[in-house]
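Right, one structure below, let's go through it.
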């Protein structure tokens, strides 16, 4: 069913509004992926604060105009699926990376963070970046291990003195 001009303007303004508040964006080619798998991906995205949509390329190019994700325009080709990370910059990239491991037809074609187009290596780094909660847990583990290490060092020094 074809969209009329008013519906297209609504879609463009909605995506432009999301683009102006999002932390990062990742685009992928979703051709060949079943609707059920896409729906599962969307469900996981909602749980992790990622807004996703499949939009016509011309509308998407108009929607990202004058936003930090304007650099993605040259990467928008084919069946484009875009994910905006709203809470953590790496959540969309992590979601797409995990999904592409299970579904080989799903290819990440580009990503943008802080107005810069990312390379494939940088996309992987963004996906592997820990969330705030994960970083705090790692810090606490390091502190715990270092305090236990100091205790063992102290006990061995006392043992060696005696």
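Determine which residues of region 86-110 fall in the zone a paramagnetic label at residue 40 would reach in this model, i.e. backbone nitrogen under 17 Å from the point 7 Å along Cα→Cβ.
In region 86-110, the label zone of residue 40 (backbone N under 17 Å from the point 7 Å along Cα→Cβ) covers 95-107.
Between region 103-162 and region 22-94, how far is it from one alpha carbon centroid to the other, in angstrom?
Distance between centres, Cα-based: 26 Å.
Tilt of helix 5-21 relative to the longest C-alpha principal axis of the chain, in degrees (0 to 90, nearest 10)?
20 degrees
What's log10 of I(q)/I(0) for region 1-96 at q = 0.11, 0.19 Å⁻¹, Debye sum over Cα points only, no solvent?
Here the Debye-derived log intensity ratios amount to -0.30, -0.91.
Taking the Cβ of each residue in 142, 12, 35 as the centre, tally the other Cβ atoms inside 10 Å and list the residues starting with the fewest. Let's see the in-between values first.
Working: 142 10, 12 20, 35 7.
Placing the least packed residue first, the sequence is 35, 142, 12.
Compute the acute angle (0 to 90°) between the alpha-carbon long axis of helix 35-47 and the principal axis of greatest extent of the alpha-carbon atoms of the chain; round to the nearest 10°.
Around 50 degrees separate the two axes.
Within 10 Å of each residue's Cβ, count the other Cβ atoms and sort 10, 15 from fewest upward. Could you put the intermediate results ahead of the total?
Values: 10 11, 15 23.
Lowest to highest Cβ neighbour count: 10, 15.
For the chain, state what percent of all Cα-Cα pairs lands in each successive 10 Å bin, counting from 0 Å until the bin that includes the largest distance.
Final binned percentages: 10, 34, 27, 11, 7, 6, 3, 1, 0.
Between 0 and 90 degrees, rounded to the nearest ten: what's the tilt of helix 132-161 against the longest Cα principal axis of the chain?
10 degrees
Kindly list the residues of region 87-110 that lie in the label zone of residue 129, defined by a backbone N under 14 Å from the point 7 Å along the Cα-to-C-beta vector.
It comes to 87-95, nothing else.
Throughout, read-outs are computed from the coordinates displayed, never taken from laboratory work. These numbers come from a predicted model, not from an experiment. When we count neighbours, we look across all protein chains shown, and the Cβ atoms used for this are built from the backbone with ideal geometry, even at glycine.
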